[in-house]
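Single-structure report; data block below.
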Amino acid sequence: MTISKTFPILAGLALIVALAAPAAQAQDKPRSGGILTWFDYGDPGRLDVHAESPLVVQQATAGVYSGVLHYDPADPSKVVGDLAERWTVSPDGKTYTFHLRKGVKWHDGEPFSAADVKASFDRILNPEFQSPKCGASLKPMVAGVEMLDANTVQFKLKFPAAPFLPSLASAWCRVAAKHILAKYGDLNQPEAQIGTGPFKFKKYERGSVIEWEKNPNYFIPGLPYLDGVKQFILVGGPTQVAAAKAGKIMLWDAWPPMRKTQADELARARQDVDIYQASINTIFLIYLNSKKPPFDNPDLRRAVNLAIDRQELVAKALEGAGVPCGILDPKLSGEFALPLEEVNKVPGCRQPKDQDIAEAKKLVEKHHPNGVDIEVAVRSVGNYVDRAQLVIAQLRKVGIRGTLKTHESAAGYAAWGKGDFTLIATQDRAMDINDPSGVFHIAYTTEGGSNYGRMSDPKVDELAERALKESNKDKRKQAYWELQRYILTRGDTATVAVAWVEGWFFKDKKLQGYKPGLTTYDNNTFMKVWLSQ
């Protein structure tokens, strides 16, 4: 059957707006010109969107590349064609055929074709290639990709999968040029940032700025409106808030969100911004290295799961803007999330904490009568160091004494990927799609793209695969409930769910045509954004 050019997805649960929404303002007629100023929370270092997972990598390249599909800039609740003009799906739901735009050029003038799509996804789907975002999402579903002709490509699925189209539309699943991959071997360097998107990659000065410039040969006539985008690299909340107050940046829609006190501070300083509260489909996690002492011992992992006071972390580190304990957030995943009434009775989440702390102390004393000393690692971004200090204080109550080790952002990710840590005190993970499958294939399954704790549980893998394959909504809900119950009641997971993060954001009132995406950075190509006078 033929599929329309739009694919609606679950939107009502994905964005919680408590203050003035940025789209509520009357918009002028689109006009060309101007530079949008934005910020990155740290240096991306490597720029390979297929091989990296830091959000700054996605942010640095978001407007440079196009996807087969993407989220509609005018209505982020819909998946629409990007490089694909239309697509069809076989009656058994396992074969998707995409008919691609003709006449599209890469930024270096070379012609785009289906060969580029095949080369990109052969790379992403290669079992030997670590693709922690797009690959982690697609590998469980996609068997292979075939080029039928220069303008037609076919994806073969292992089974009918509802999350396939939203996953393919993710900003992490962009199409790279076959000739660029052949020339450079990867997409890490600035000179390899050759896309088909609305903007060309202009400059990357480490520790300073990333710039895009308008692509005059973009395949949609008349777009983009902006002459360019400038992203300042601003490390640390005080630096970011100071830049916002001074008018240096026009948009704060990215991680980390502002806390309420920071939003209030900005509101006192500027009257030309719309400030709004939203969920960013991001979960705050603590990781335990299950392959190294002491957390190769399930009793010590259980002790940490018991000792962590999620409610206190939300109250103090997030100023109350978060949903503690749940592996899925009911605000985002609706009925697929295990009810919080049940979650909050589970050891580790129940309040008051006295019983959990007593049990955790016994587990630690059983193996370490005098307590145990560990290194607690964290990346020096956002308020991670403040969060880590709270985590260290909580663990000290049960005899686990932590010494803090901080990493620069990219160096931290490199250490996590190599397993060079004992405990990661805080690491937010943004979802790639608004589907309950996302968090499990990112952080909990054996092959999860961000399963930094390296814990492998065949039952978790089996339950996650069964839920992903299930097409009946009620049965799928029950499968995800069973999976959440299993992880929570097992109690010794190496991926500790602390909370789903919420916060405050702003946009300059001059910024028009902008609508936040349902997942972080999915709508930041800025192709239809303009600046009013």
(request) Count, please, the residues in segment 469-498 that happen to be outside any helix (DSSP H, G or I), surrounded by 23 or more Cβ atoms within 10 Å (Cβ to Cβ) and more than 20 Å from the chain's Cα centre (by Cα). (result) 1
(message) I need the full set of residues from segment 499-532 which are hydrophobic (A, V, I, L, M, F, W, C) and either under 19 Å from LEU55 (Cα atoms) or part of a loop (DSSP other than H, G, I, E, B) (or both), in order please.
(response) ALA499, TRP500, VAL501, TRP504, PHE505, PHE506, LEU518, PHE526, MET527, VAL529
(message) Given the criteria of a type in the set (D, E, K, R), under 17 Å from ALA254 (Cβ atoms) and modelled with pLDDT of 50 or more, does ASP40 qualify?
(response) yes
(message) I'm told LYS331 meets every condition in (1) over 24 Å from the mean Cα position of the chain (by Cα); (2) at pLDDT below 95 except one. Can you identify the failing condition by its number?
(response) (1)
(message) With the condition being open to solvent by 50 Å² or more (accessible area, probe 1.4 Å), I'd like the strands (runs of 3 or more DSSP E) fully within segment 353-468 carrying at least 2 qualifying residues.
(response) 372-379, 400-407
(request) Select from segment 261-316 the residues that are of a type in the set (Ser, Thr, Tyr), surrounded by fewer than 24 Cβ atoms within 10 Å (Cβ to Cβ) and within 24 Å of ASN434 (Cβ to Cβ) and list them in ascending order. (result) TYR276, SER279
(message) Please go through segment 321-352 and give me each residue that is open to solvent by 50 Å² or more (accessible area, probe 1.4 Å) and either among the hydroxyl-bearing types (Ser, Thr, Tyr) or outside any helix (DSSP H, G or I) (or both), ordered by number.
(response) ASN344, LYS345, PRO347, GLN351, PRO352
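A quick yes/no check of all residues on (1) modelled with pLDDT under 95; (2) under 24 Å from the mean Cα position of the chain (by Cα):
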residue: GLY67; (1), (2): no, yes
residue: ASP72; (1), (2): yes, yes
residue: SER120; (1), (2): no, yes
residue: ASN126; (1), (2): no, yes
residue: GLN154; (1), (2): no, no
(message) So if I check each of ILE194, ILE210, ILE220, which one is of a type in the set (Val, Ile, Thr), under 22 Å from the mean Cα position of the chain (by Cα) and on the phi < 0 side of the Ramachandran plot?
(response) ILE210
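Residue-by-condition table, conditions (1) under 22 Å from the mean Cα position of the chain (by Cα); (2) in a strand (DSSP E or B); (3) of a type in the set (S, T, N, Q); (4) closer than 19 Å to GLN427 by Cβ:
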position: THR261; (1), (2), (3), (4): no, no, yes, no
position: PHE295; (1), (2), (3), (4): no, no, no, yes
position: ASN305; (1), (2), (3), (4): no, no, yes, yes
position: GLN311; (1), (2), (3), (4): no, no, yes, no
(message) Looking only at residues that are of a type in the set (A, V, I, L, M) and surrounded by 20 or more Cβ atoms within 10 Å (Cβ to Cβ) in segment 235-259, which one is farthest from ASN524 (Cα to Cα)?
(response) VAL241
(message) Given the criteria surrounded by fewer than 17 Cβ atoms within 10 Å (Cβ to Cβ), farther than 16 Å from ASP522 by Cβ and of a type in the set (A, V, I, L, M, F, W, C), does ALA115 qualify?
(response) yes
(message) Pairs needed: first member in segment 302-316, on the phi < 0 side of the Ramachandran plot; second member anywhere, among the polar types (S, T, N, Q) and open to solvent by 10 Å² or more (accessible area, probe 1.4 Å); C-beta distance under 7 Å; at least 6 residues apart or different chains.
(response) ASN305/THR493; GLN311/GLN351
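The values are calculated or read from the model by the stated rules, or taken from the named source; none is laboratory data. This structure is a prediction, so every number in the text was calculated from the model and none was measured. So basically every Cβ, Gly included, is an ideal-geometry build from the backbone, and we count neighbours across all protein chains shown. Please note that ligands, DNA and RNA were not included when accessible areas were found on the heavy atoms of the full protein model with its side chains. Shrake-Rupley method; radii C 1.70, N 1.55, O 1.52, S 1.80 Å.
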